[in-house]
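The values are calculated or read from the model by the stated rules, or taken from the named source; none is laboratory data. Remember, predicted model here, so these are calculated numbers, not experimental data. Ideal geometry is used to build each Cβ from the backbone, glycine not excepted, and the neighbour counts take in all protein chains shown. Note: accessible area is taken over every heavy atom of the protein model, side chains too, but ligands, DNA and RNA are not part of it. Shrake-Rupley method; radii C 1.70, N 1.55, O 1.52, S 1.80 Å.
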Amino acid sequence: MKIYRPVLDVDLHLLDRQVVDRDGAMVCKVDDLEFQPNADGEPVVTAILAGPAALGPRVGGALGRWMVSVQERLRPSDQDGPARIAVALVTEVGSDIRLSARAVELRTHQTEAWVDQHVISKLPGADHEG
Amino acid sequence: MRASDIMGKPVRCRDGEAGRVIDMRVDTDTPPGAEVAELRLAGLVVSPRRWGSTVGYDRQDDRGPWLIWWIVHRLHRSDRYVGWDLVRSWADGMVQVDAAVGELPGVPALPPRAT
Amino acid sequence: MTPPRAALAVAVILALTACVGPSRTDSDYESKASNTVGAAISAVQTARVAVAAESKGNAPATYLSVILGESEETLSGVQGQFDSVQPPSAAADRLRTKVDDLLTQADDVLSQLRIAVRRGQLAQLPKIAAPLVKLSRQMDQLETATS
Amino acid sequence: MKKLLGVTLGILTAIGGFVDIGDLVANALVGARFGMALAWVVLVGVIGIMVYGEMSARIAAVSHRPTFDLIRERLGPRFALVNLLASFLVNMLTLTAEIGGVALALELATSVNYLLWVPLVAFLVWFVMWRVKFGTMENIFGLGGLTLIAFAVALWKLGPDWGQLLHQVTHPTVPQGEGHPTYFYYAIALFGAAMTPYEVFFLSSGGVEEKWTKKNLTLARANSAIGFPLGGLLSLAIMGCAAVVLLPAGIEVDSLSQVALPGVVALGKLGLACLIIGMFCATFGAALETGLSSGYTIGQYFGWQWGKYVKPRQAARFHLVLLASVLAGAMLVLTTADPIKVTEYSLVFSAVALPLTYFPVLIIANDPDYMGDKTNSRFTNVLGLVYFGILSVVSIAAIPLMFVTKAGL
């Protein structure tokens with residue numbers, strides 16, 4: 001993982017940064033971060049959290065709660081909470097955050113896929129290079 | 001624990017409030033034995049003021065436009081750094097710190113980005 | 001940053017509510033009359049300049065019919081707005097008749113112009129537009145008198 | 001040679017792209033009411049858009065991150081969301097005005113009521129955003145907008161007393177019958193027309209769309225450094241025409257046909273043809289830019305895949321927003337709300353929203369994390385800061401002035 005800095009400030013260097021997949025396709029923003037204790041009990045960043053369920057609490061207020069509840073309503077029953085991107089997938093922390101995975105393989109891609117499948121792909125020329 | 005469980009939360013020291021958490025500093029080194037780097041929570045940046053922190057001028061060396069840099073610095077000159085080892089708990093939207101406000105050091109400047 | 005959103009709401013309201021409201025005093029009524037006449041002058045002059053351009057063979061009929069139609073709309077629009085204001089006194093009543101009289105004449109001419117253009121009788125336009133010279137002069141006087 | 005061609009093309013598009021319905025209406029309206037007494041505002045506005053246009057272009061070229069992407073990073077999710085809502089609403093208002101403008105231009109050409117054109121216009125705008133390549137799109141409408149040079153020709157043909165015009169520019173005075181509040185209200189509208197926020201969203205996102213790198217920087221700078229001032233001259237020509245023909249006649253501009261009237265008087269049928277083509281291309285191009293901007297801002301806030309450089313299916317949510325915005329814009333025009341009035345309001349609210357857009361740009365342009373060694377020079381920072389001051393004053397003054405003057409009545 002390329003980081004370029006001995007220390008990072010989460011709000012300055014991680015939160016709200018653009019996450020990009022290995023081919024440069026845009027994945028999501030770092031809406032929140034998940035910490036879990038390591039062997040010595042120190043909190044360590046274990047995952048990037050994305051989607052309304054992660055962003056809502058940070059936006060706060062009625063709008064934030066609404067975001068969360070919408071996600072709660074729309075998410076498939078087998079999924080709970082926000083989408084997780086394990087920190088192991090991160091290859092670089094720069095002006096954007098690069099992953100070793102491809103966007104389509106991640107849970108963050110669900111909404112995009114849904115809109116594509118139900119609206120965009122139905123329109124003529126949706127595969128045409130813009 | 002999520003970053004948002006700590007960010008923006010009030011920080012209660014033995015002798016009262018030190019402000020709110022405006023940022024969380026993590027070490028990025030690879031610990032002995034491990035083969036990949038880990039982002040280990042090292043401490044919290046605490047400020048009585050929130051404005052201007054996301055701009056990032058408060059922890060950076062001189063940076064233009066000078067006027068904005070100066071204003072942000074004055075707003076944040078009483079910011080404090082709380083080593084994670086001093087944090088007793090972060091339950092119910094409040095960070096309990098095992099120290100007095102006066103004992104807390106200033107915020108160490110961010111080392112510049114290596115290329 | 002609620003201002004922009006609040007402002008947007010305000011704008012919509014401003015846009016919907018007509019700019020001519022009720023008026024209590026004569027001077028208030030006069031200034032409304034003056035605004036009305038000013039707008040009417042603008043419409044009449046637009047028509048005159050357009051017709052003048054045409055007579056030099058400069059303006060295509062499609063354009064003329066648009067610009068003349070718009071001038072007519074503007075004029076009848078401001079007249080309607082002005083008439084909806086309650087005149088506060090006898091003096092105001094006299095002013096009202098003066099303004100209305102002028103605007104009605106002008107409106108009539110503009111309608112004739114529009115009709116002629118859409119019938120393709122471009123040659124007639126200068127003749128039809130002739131009265132506008134006198135009318136706009138009278139309007140100018142009325143505007144200066146009321147403002 | 002090819003490079004030279006590239007530069008010229010870029011400049012030409014910048015000129016044509018500079019003018020939109022806002023500039024057409026504001027400049028003609030102001031010229032007809034105040035003569036050249038507000039010309040200085042155009043100058044101030046052009047310098048401003050040059051300064052911030054250069055910054056956002058540089059940011060896009062060096063860090064490959066467009067403006068709204070960074071607005072969220074620097075303002076945090078909450079404030080950035082408020083910013084997004086405000087910017088999006090203003091942008092919607094502008095999009096509506098542009099669609100109305102295109103329809104009005106078509107009405108001038110055909111004398112078929114503009115409302116009947118709206119559905120077709122909306123479809124075309126969407127179709128171009130859906131199908132046409134970014135570069136092609138830019139060039140066609142930018143170059144088409146160039147025919148607005150007819151305004152400059154018209155002014156020259158009208159043979160005004162240049163000395164007197166210049167005197168109005170250099171010794172601005174509020175004409176009698178006009179109050180100072182009205183004067184400054186229209187100053188703000190003009191300023192809003194020159195520095196409309198969507199120009200920055202579009203410029204920076206466009207840089208990413210066209211995969212700019214440090215190499216393109218000189219080109220980008222040349223385009224804005226030469227293109228914007230010439231675009232400003234075009235605006236002044238529009239103002240001048242109105243000042244020479246409409247002001248003496250006592251005509252107040254409340255329709256696009258009146259904006260074109262001086263051109264008709266001076267150049268006749270050919271002039272009108274050029275103006276109509278110019279107005280069509282300028283407003284259509286701007287409709288595309290505002291339409292895309294609505295997708296750019298939302299997509300960049302949420303981190304979606306956005307842009308025309310990928311297949312629509314790969315940026316599904318982005319294209320959904322484009323579709324929805326154009327539909328909404330068309331609906332708003334079809335409410336028969338006068339497009340010219342909508343334009344005037346869109347200008348004032350652009351002015352209100354200015355600092356929201358430009359502050360983050362100024363900050364990021366100084367951040368070595370993104371810019372490496374390409375951060376702002378001291379000179380740029382001084383200018384940028386001065387302009388940020390101006391923007392803030394304008395933003396605060398806009399709404400009160402709107403009330404005091406009953407929106408310029």
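What accessible area, summed over both chains, is buried at the D-B interface (1.4 Å probe, Å², nearest 100)?
Approximately 1000 Å² gets buried when D meets B.
Pull up all non-local amide H partners of A:Ala47: gap of 5 or more, or a different chain, and H-to-H distance under 5 Å with H placed in the peptide plane.
A:Glu34, A:Val87
Of the options D:Gly179, D:Asn113, D:Leu391, report the single residue whose Cα projects farthest towards the positive end of the charge dipole of the protein assembly as shown (beta-carbon charges: Lys, Arg +1; Asp, Glu -1).
The residue sitting farthest along the positive end of the dipole is D:Asn113.
Give the long-range amide H neighbours of A:Thr91: residues separated by 5 or more places, or on another chain, with amide H under 5 Å away, using H modelled in the peptide plane at 1.01 Å from N.
Residues meeting the criterion, in which the H sits 1.01 Å from N, are A:Arg98, A:Leu99, A:Ser100.
Of D:Ile188, D:Asn223, D:Val90, which is farthest on the positive side of the dipole of the protein assembly as shown, counting Cα position, with +1 on Lys and Arg Cβ, -1 on Asp and Glu Cβ, and the Cα centre as origin?
D:Asn223
Ordered by residue, what ³J(HN,Hα) values in Hz, to whole numbers, does region D:313-326 give under the Karplus form 6.51 cos²θ - 1.76 cosθ + 1.60, where θ = phi - 60° and Gly and Pro are x?
Along region D:313-326, the couplings run 5, 7, 10, 4, 4, 4, 5, 5, 4, 4, 4, 4, 4, 4 Hz.
Can you tell me how region D:1-157 classifies by the Cα gyration tensor, rounded, prolate or oblate, using a/c under 1.5 as the rounded cut?
It comes out rounded by the Cα gyration axes.
Once you have the alpha carbon radius of gyration of the protein assembly as shown, what is it after dividing by 2.2 N^0.38 Å, with N set to its residue count?
Dividing the Cα radius of gyration by 2.2 N^0.38 Å gives 1.06.
Mind grabbing the base-10 log of I(q)/I(0) for region C:45-147 at q = 0.10, 0.11, 0.14, 0.25 Å⁻¹? Debye formula, identical points on the C-alpha positions, no solvent, two decimal places.
-0.31, -0.37, -0.57, -1.34
Taking a cut-off of 21 Å, what percent of all Cα-Cα pairs in region D:264-345 are separated by more than that?
In whole percent, the share of Cα-Cα pairs in region D:264-345 beyond 21 Å is 47.
Sort chain A into rounded, prolate or oblate with this rule: let a ≥ b ≥ c be the square roots of the eigenvalues of the Cα gyration tensor; rounded if a/c is under 1.5, and if a/c is not under 1.5, prolate when a/b is larger than b/c, oblate otherwise.
Because a/c hits 1.5 or more and a/b fails to exceed b/c, chain A counts as oblate.
Take the residue pairs D:Lys157/D:Lys269; A:Lys122/D:Lys308; C:Lys32/C:Lys127; D:Lys133/D:Lys215; C:Lys56/D:Lys341; C:Lys98/D:Lys341 and return only those whose Cα atoms are more than 25 Å apart.
C:Lys32/C:Lys127; C:Lys56/D:Lys341; C:Lys98/D:Lys341
When only Cα pairs under 8 Å and 6 or more residues apart are kept, what is the percent relative contact order across chain D?
After rounding, I find 38 percent.
Which percent of the accessible heavy-atom area of region D:1-133 goes to carbon and sulfur, probe 1.4 angstrom?
Percent of accessible area from carbon and sulfur atoms in region D:1-133: 80.
Taking a ≥ b ≥ c as the square roots of the Cα gyration tensor eigenvalues, with a/c under 1.5 meaning rounded and otherwise prolate when a/b beats b/c, else oblate, which class fits region A:66-130?
oblate
Output the residues of region D:362-409 meeting this criterion: accessible area (heavy atoms, 1.4 Å probe) in the chain alone minus accessible area with all protein chains in place is 40 Å² or greater.
D:Ile363, D:Asn366, D:Asp369, D:Leu385, D:Phe403, D:Leu409
Which percent of the accessible heavy-atom area of chain A goes to carbon and sulfur, probe 1.4 angstrom?
Taking all protein chains in place, chain A shows 55 percent carbon and sulfur surface.
In square angstrom and rounded to 100, what buried accessible area do you get between chains D and A, total over both, with the probe at 1.4 Å?
3400
Would you mind checking which residues have amide H under 5 Å from A:Val19's amide H? H placed 1.01 Å from N; only 5 or more apart, or other chain.
HN-HN under 5 Å from A:Val19: A:Val27, A:Cys28, A:Lys29, A:Val30, A:Ile97.
State, as an integer percentage, the relative contact order of region D:243-385 based on alpha-carbon contacts under 8 Å between residues 6 or more apart.
Reported as a whole number, the value is 12 percent.
log₁₀ I(q)/I(0) of chain B at q = 0.13 Å⁻¹, via Debye over equal Cα point scatterers, no solvent, to two decimals?
-0.54
Go from 0 up to the bin containing the longest alpha carbon distance in chain D, width 20 Å each, and give me the % of pairs per bin.
Pair shares across the bins are 29, 60, 10.
When ligands, DNA and RNA are left out and all protein chains stay put, how many square angstrom of accessible area per residue does the protein assembly as shown have with a 1.4 Å probe?
So the protein assembly as shown comes to 39 Å² accessible per residue, rounded to a whole number.
Would you calculate a helix-derived [θ] at 222 nm for chain A, using -39,500 (n - 2.57) for each DSSP H run of n ≥ 4 and dividing by the full residue count, to the nearest 500?
-7000 deg cm²/dmol
At 1.4 Å probe size, with no ligands or nucleic acids counted, give the accessible surface of A:Asp23 in Å², nearest ten.
Accessible area, nearest 10 Å²: 100 Å².
Tell me, what does the Kirkwood hydrodynamic radius of region C:20-68 come to in angstroms if you use every pair of distinct C-alpha atoms?
Value: 12.7 Å, from the Cα pair sum.
About its Cα centre, what dipole magnitude does the protein assembly as shown give when the only charges are +1 on Lys and Arg Cβ and -1 on Asp and Glu Cβ, stated in debye to the nearest 20?
920
What's the carbon and sulfur percent of region B:20-115's accessible surface, probe 1.4 angstrom, rounded to a whole number?
54
With springs only between Cα atoms under 10 Å apart, run a GNM on chain D and tell me which of D:Gln258, D:Gln176, D:Gln305 wobbles the most.
In the Gaussian network model the winner is D:Gln176.
For chain D, the longest stretch holding no trypsin sites (Lys or Arg not before Pro) located in a DSSP loop with at most 16 other Cβ atoms within 10 Å is which?
By the stated rule (loop sites, at most 16 other Cβ atoms within 10 Å), D:212-373.
Taking a probe of 1.4 Å and counting only protein heavy atoms, give the total accessible area buried between chains D and C in Å², rounded to the nearest 100.
Protein heavy atoms only, the D-C interface buries about 2900 Å².
Name the residue from D:Gly163, D:Ala330, D:Thr67 whose Cα lies farthest towards the positive end of the charge dipole of chain D, charges +1 on Cβ of Lys and Arg and -1 on Cβ of Asp and Glu.
D:Thr67
In debye, nearest 20: dipole of chain D around its Cα centre with unit charges on the Cβ of K, R (+) and D, E (-)?
About 1120 debye.
Among D:Leu327, D:Leu166, D:Leu234, whose mean-square fluctuation peaks in a Gaussian network model of chain D (Cα, cutoff 10 Å)?
So, out of D:Leu327, D:Leu166, D:Leu234, the one fluctuating most is D:Leu166.
Under the definition of partner shielding as Cβ atoms of other protein chains within 10 Å of a residue Cβ, what is the mean value for peptide D:299-312?
Going residue by residue through D:299-312 and averaging, the value is 6.
Can you give the calculated 222 nm mean residue ellipticity of chain D, where each DSSP H run of n ≥ 4 adds -39,500 (n - 2.57) and the sum is split over every residue, rounded to the nearest 500 deg cm²/dmol?
Calculated at 222 nm, the ellipticity per residue is -27000 deg cm²/dmol.
Can you work out the Karplus-derived ³J(HN,Hα) for every residue in region B:104-110? Use 6.51 cos²θ - 1.76 cosθ + 1.60 with θ = phi - 60°, whole Hz, and x for glycine or proline.
With the stated coefficients, region B:104-110 comes to 6, x, x, 7, x, 4, 6 Hz.
Calculate one ³J(HN,Hα) per residue across region C:30-44 by plugging θ = phi - 60° into the Karplus curve 6.51 cos²θ - 1.76 cosθ + 1.60, and present them in order as whole Hz with x for glycine and proline.
4, 5, 5, 4, 4, 4, 4, 4, x, 4, 4, 4, 3, 5, 4
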